[in-house]
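Notes for the one structure printed next.
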Amino acid sequence: MNLHTTPHNSRTRGTRRLAALAAVAAMVVAGVQAGSAVATPGDDDARTTAKTPSTAAALGVNPSAQRATAIKSAQADVSSAAKALKLGGQEKLVVRDVIKDASGTVHTRYERTYDGLPVLGGDLVTHTAADGTLKSVDKATKAKIAVASTTPKLKAAASARKVIYAGGGSPVLAWETVKTGVQKDGTPSRVHTITDATTGKKLHSYEAIETGTGNSQYSGEVELTTTKSDSGFELTDGDRGGHKTYDLNQGSSGTGDLVTDDDDTWGDGTGDDRQTAAVDAHYGAAKTWDFYKTALGRDGIAGDGKAAYSRVHYGESYVNAFWDDSCFCMTYGDGEGNKNALTSIDVAAHEMTHGLTSATANLDYAGESGGLNEATSDILGASVEFFADNASDAGDYLIGEKIDINGDGSPLRYMDQPSKDGSSADYWDENLGDIDVHYSSGVANHFFYLLAEGSGKKTINGVDYDSPTSDGSTLTGIGREKAYQIWYKALSVYMTSTTDYAGARVATEKAATDLFGADSEELKAVSATWTGVNVK
């Protein structure tokens, strides 16, 4: 588990440490107001108990301008925070995010450096009550950050970055190298490898490319927000941070050409018209932005009010889509024969959510944390699809069912029983971290479905489901809205880069407690559901 609870409010030195953090929190609180609450959809939540957060304020509405002020305030006093947390003299804190929730609790997410070097796996989140009391701290590692020397014994390529690696236990001086290339399916590759700078031993490796009115191919006739230009119209969404959609023209690099039109009527609903894929991508990005804003209280992917951008028509017959942090963009292939672009609502939301995860917990894209990263994109991707309420692509718990990537009408993944795809895991076991992250994600996907809808047979929007449990227990769902609120709260303020499945259980239990209370049925459901997928 990655949870570290700060000792209770003791006297003398402990009191001074808390006072220092209280001062930091006071500055932050001044910069983060509660904001205006925006109602969230309540289509499936007749199932209520205790307090029910009916607005995104419960999750921490934090408009971009206030977020920037809060981060600046927290960064101005990181030295006091470091002392309060008893960090070593060579350790420095860098503020990544600040969220104030409805209770007044301020959650401040930090990265660490050691003697000027970035500490991979050294991130942490402090949770400070409205009265300035430090409630707890979640750390990616419990280990003390210290190394004998920051002078490496082994040389590395000129492009290598010297770091402290704390993701594998005791921190070590290491080299981080990045190798770029192309994966087997044509997806760009950016493999990060961490090597011990003293012994040369490979410590860790992960892939940084995370996969996964117009007439659209998958959503029917839809409304698009476009921008008038001198020569016509362009796919620039001025209502959502200026999101733009580009045509790569079957290329594999660069931005491509901004998609334009003469009369503001886009595409023809088929893959034969190049604009159709752009319509789906632009529409999916808009619906995802609206879901983040309305349901989660989040102002864009990074919470700063700034949009990413979409690139369509990547490569030749490329059967995939991916998110790339380096360009802050989503990229979509056209599928077999360049006629079935991978731009359905849930796929678009899946890719954008990789960006959201990077901006919050930044879950390492390997092992169990990588599975949780992938699952987060599936969970919020499915939630966006329900939120969009599109008659041509009704919400469901199937991932990529519209794009027919398998060629037989089957979806990419099933959330009610992930193993139906032949590879994904339904339940946790000790070897889960050794399989591909797209398959280890199954356990969290299964958890989310069970938490929202419960076990057993049911039909939702015309789709039949039959979800089992590892222990044969019968589970009753709490509703999709509450389920995604709990998941997002856990992701944004309790998970860290190294969170595993055991840590995810702790994080979601803490989130449920925050949102619904320590004696709530929702908290009991979270615990029972994790047990139902063998995470104990």
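The values are calculated or read from the model by the stated rules, or taken from the named source; none is laboratory data. What you see is a predicted model, and the numbers here were worked out from it, not measured in a lab. In this analysis, Cβ positions are derived from the backbone assuming ideal geometry, glycine residues included, and neighbour counts consider all displayed protein chains.
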- Query: How about the stretch 478-514: which of its residues are closer than 21 Å to Asp138 by Cβ and touching a Lys or Arg at 6+ places or on another chain (Cβ under 6 Å)?
  - Reply: Tyr494, Ala511
- Taking interchain pairs and intrachain pairs at least six residues apart, which have beta carbon atoms under 7 angstrom, with the first residue in the stretch 253-265 and more than 14 Å from Thr331 (Cβ to Cβ) and the second part of a strand (DSSP E or B) and among the hydrophobic types (A, V, I, L, M, F, W, C)? Thr260/Phe233; Asp261/Phe233; Asp264/Phe233
- Based on what the data block shows, is Asp464 under 14 Å from Asn534 (Cα atoms), at pLDDT 95 or above and charged (D, E, K, R)? no
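For Ile301, are the conditions met, namely being over 21 Å from Lys339 (Cα atoms) and touching a Pro at 6+ places or on another chain (Cβ under 9 Å)?
Values: over 21 Å from Lys339 (Cα atoms): yes; touching a Pro at 6+ places or on another chain (Cβ under 9 Å): no.
Taking the combined requirement at face value, the residue does not satisfy it.
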- If you go through the stretch 453-460 one residue at a time, do you hit one that is closer than 21 Å to Asn340 by Cβ, surrounded by fewer than 23 Cβ atoms within 10 Å (Cβ to Cβ), hydroxyl-bearing (Ser, Thr, Tyr) and over 21 Å from the mean Cα position of the chain (by Cα)? no
- Task: Working only within the stretch 511-536, note down all residues that are buried (at least 23 other Cβ atoms within 10 Å of the Cβ) and part of a helix (DSSP H, G or I).
- Result: Ala511, Ala512, Asp514, Leu515, Phe516, Glu522, Leu523, Ala525, Val526, Thr529, Trp530, Gly532
- Query: Within the stretch 468-483, can one find any residue that is of a type in the set (Lys, Arg) and more than 19 Å from Ala366 (Cα to Cα)?
  - Reply: yes
- Query: Restricting attention to the stretch 327-340, which residues are modelled with pLDDT under 95 and of a type in the set (Gly, Ala, Ser)?
  - Reply: Gly335, Gly337
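Just to check your reading of the model, which residue among Asp237, Asp257 is crowded, with 18+ Cβ neighbours inside 10 Å, modelled with pLDDT of 95 or more and in the same structural domain as Glu223 (by TED's automatic domain parsing)? Before you say what the answer is, go through the steps one by one.
Details: Asp257 fails: crowded, with 18+ Cβ neighbours inside 10 Å.
Only one candidate qualifies: Asp237.
Which ones in the stretch 405-439 are modelled with pLDDT of 95 or more and within 20 Å of Ala483 (Cβ to Cβ)?
So in the stretch 405-439, the residues modelled with pLDDT of 95 or more come out as 413-439.
Passing the criteria: Arg413, Tyr414, Met415, Asp416, Gln417, Pro418, Ser424, Ala425, Asp426, Tyr427, Trp428.
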- Just checking, which of Thr255, Thr260, Thr245, Thr265 is within 24 Å of Asn390 (Cα to Cα) and out of contact with any His (no Cβ under 6 Å at 6 or more places or on another chain)? Thr265
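Suppose we keep only residues that are more than 13 Å from the chain's Cα centre (by Cα) and crowded, with 24+ Cβ neighbours inside 10 Å within the stretch 335-356. Which one would you say is farthest from Gly284 (Cα to Cα)?
By that ranking, first place goes to Ala341.
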- Gly186 versus (1) outside any loop (DSSP other than H, G, I, E, B); (2) within 26 Å of Ala349 (Cα to Cα): which is the lone unmet condition? (1)
- Message: Checking the structure you have, find out if any residue of the stretch 395-404 is assigned to a loop (DSSP other than H, G, I, E, B), among the acidic types (Asp, Glu) and modelled with pLDDT of 95 or more.
- Response: yes
- Message: Pull out all pairs, ordered by first then second residue, where Cβ-Cβ is under 6 Å, the residues are six or more apart or on different chains, the first lies in the stretch 314-342 and is basic (Lys, Arg), and the second is modelled with pLDDT of 95 or more.
- Response: none
- Please give the strands (runs of 3 or more DSSP E) falling wholly within the stretch 80-158 in which 3 or more residues are touching a Lys or Arg at 6+ places or on another chain (Cβ under 8 Å) and on the phi < 0 side of the Ramachandran plot. 91-100, 106-114, 117-120, 124-128
- Query: What residue, among those in the stretch 286-314 that are part of a helix (DSSP H, G or I) and of a type outside the set (Ser, Thr, Tyr), is surrounded by the fewest Cβ atoms within 10 Å (Cβ to Cβ)?
  - Reply: Asp290
